[in-house]
Every structure is written in structure tokens, then in C-alpha cells.
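The values are calculated or read from the model by the stated rules, or taken from the named source; none is laboratory data. Just so it is clear, the model here is predicted, and its values are computed rather than measured. Positions of Cβ are backbone-derived with ideal geometry, glycine not excepted, and every protein chain shown enters the neighbour counts. Surface areas here come from the heavy atoms of the whole protein model, side chains and all, with no ligands, DNA or RNA. Shrake-Rupley method; radii C 1.70, N 1.55, O 1.52, S 1.80 Å.
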Amino acid sequence: MTLEKRPLQGGFSLLELIVAFVIMALALGMLYRATGSSAHAVGLAERHQKASLVADSILSMRDSVGPEGWQEAGESDGFVWRVVSSPYSTSTDGPNVPKLHEIAIEVRWQDGASAKTLAFQTLMPERTPVPESGVR
């Protein structure tokens with residue numbers, strides 16, 4: 001009894017090729033999704049940074065608040081902002097202790113279909129009136 005020698009097949013079967021293409025398609029899909037979400041996160045971080053800069057610019061417009069407070073609103077580069085102040089009470093009182101105002105700055109913008117908001121709060125001294133001098 002003699003065994004016939006068959007020549008060895010030198011390639012991939014159709015099933016092996018299909019499995020390889022499915023694995024490659026899944027890997028490319030995950031890579032595409034990861035890249036897309038990273039780009040979206042970078043864009044969102046950039047808008048948050050610009051909103052922070054708008055609030056910082058508004059806050060730097062004044063170094064103190066008048067006794068009547070500070071209420072103002074406006075728009076800048078697609079950002080809608082609003083400033084509201086209210087007196088801030090402290091436990092200390094005296095002639096050399098400045099009165100404080102709590103400043104709330106709200107910055108809003110549209111990100112596609114959703115509205116985004118950043119809110120900031122700080123304290124600012126009340127402007128003291130300049131005493132009138134006798135010299136005119």
C-alpha cells in the first residue's frame with residue numbers, strides 16, 4: 001500500500017480571508033471612533049477656554065464695584081454673558097474694613113444642538129467715595 005503525496009496548498013482559504021477582513025474592519029471602526037471623540041473633546045475644551053477668557057476679560061473691566069452694585073449683560077464672539085452683584089456680608093465691621101460684593105458671571109454659548117453654560121463667582125471690594133477737599 002502506497003500513500004499518495006498531495007501537494008501542500010500554498011494560500012489562505014476563503015474563510016480565513018473573511019475572518020481577517022472582519023477583524024480589520026472592527027479595528028478600523030474602533031480607531032475611527034476614538035479619533036472622532038478625541039477631536040470633539042479638543043473642540044469642547046477650546047470653547048470652555050474661550051468662555052473662561054470672556055469671563056476673565058469682563059472681570060478685568062473693573063477693580064471695584066459701586067455702592068449700587070454691578071448688573072450688566074452683553075455678547076462677545078458668540079458668547080452671551082451676564083454679570084450680577086450683590087452685597088456680601090462679613091462678620092467683621094469697621095471703618096477700615098471694605099464692604100464686599102459677590103460677583104456672579106455667567107457665560108453661555110451654543111454647542112451644536114445643546115446650550116452650554118459656565119458660571120464664575122468672586123468677591124470684589126465696594127468703591128469708597130472720595131472725600132471732598134476744601135480746595136476748589
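Let me make sure I get this right: for the chain, a, b and c are the square roots of the gyration tensor eigenvalues over alpha carbons, sorted descending. Under 1.5 in a/c it's rounded, otherwise prolate if a/b > b/c, else oblate. Which is it?
prolate
Rounded to the nearest 500, what is the chain's calculated 222 nm mean residue ellipticity when only DSSP H runs of at least 4 contribute -39500 (n - 2.57) each, over all residues?
Per the formula, -12500 deg cm²/dmol.
Given a 1.4 Å probe and heavy atoms of the protein chains only, how would you sort M24, M124, M30, largest accessible area at the top?
Ranked list, largest accessible area first: M30, M24, M124.
What fraction of the DSSP beta bridges in the chain is antiparallel, stated in percent and rounded to the nearest 5?
Antiparallel: roughly 95 percent of the beta bridges in the chain.
Quick check: from the Cα gyration tensor, does the stretch 15-78 come out rounded (a/c under 1.5), prolate or oblate?
Since a/c reaches 1.5 and a/b is larger than b/c, the shape of the stretch 15-78 is classed as prolate.
Among L44, T117, S91, whose Cα lies farthest out toward the positive end of the dipole of the chain, if unit charges sit on the beta carbon of Lys, Arg (+1) and Asp, Glu (-1)?
Selected residue: L44.
With label points built 7 Å along Cα→Cβ from the Cα atoms of L123 and E4, find their separation and express it in nm.
Going from the L123 label point to the E4 one covers 9.7 nm.
Can you give the charge dipole size of the chain about its Cα centre, rounded to the nearest 20 debye, using +1 on the beta carbon of Lys and Arg and -1 on the beta carbon of Asp and Glu?
560
By the scheme Lys and Arg +1, Asp and Glu -1, what is the net charge of all other residues having a beta-carbon under 14 Å from that of S85?
It works out to a net charge of -2.
Local charge sum around G66 (other residues, Cβ-Cβ under 15 Å, Lys/Arg +1, Asp/Glu -1)?
That sum, taken over residues with Cβ under 15 Å, equals -2.
Evaluate the distance, in nm, between pseudo-label points positioned 7 Å from the Cα of S13 and of E132 along their respective Cα→Cβ axes.
About 10.4 nm separates the two model spin labels.
Helix 14-59 versus the longest principal axis of the chain: what angle, 0 to 90°, nearest 10, using Cα atoms?
Approximately 10 degrees, to the nearest 10.
Just to be sure I understand: with springs between alpha-carbon atoms less than 10 Å apart, which residue in V80, V97, V42 has the highest mean-square fluctuation in the Gaussian network model of the chain?
Maximum among the listed residues: V97.
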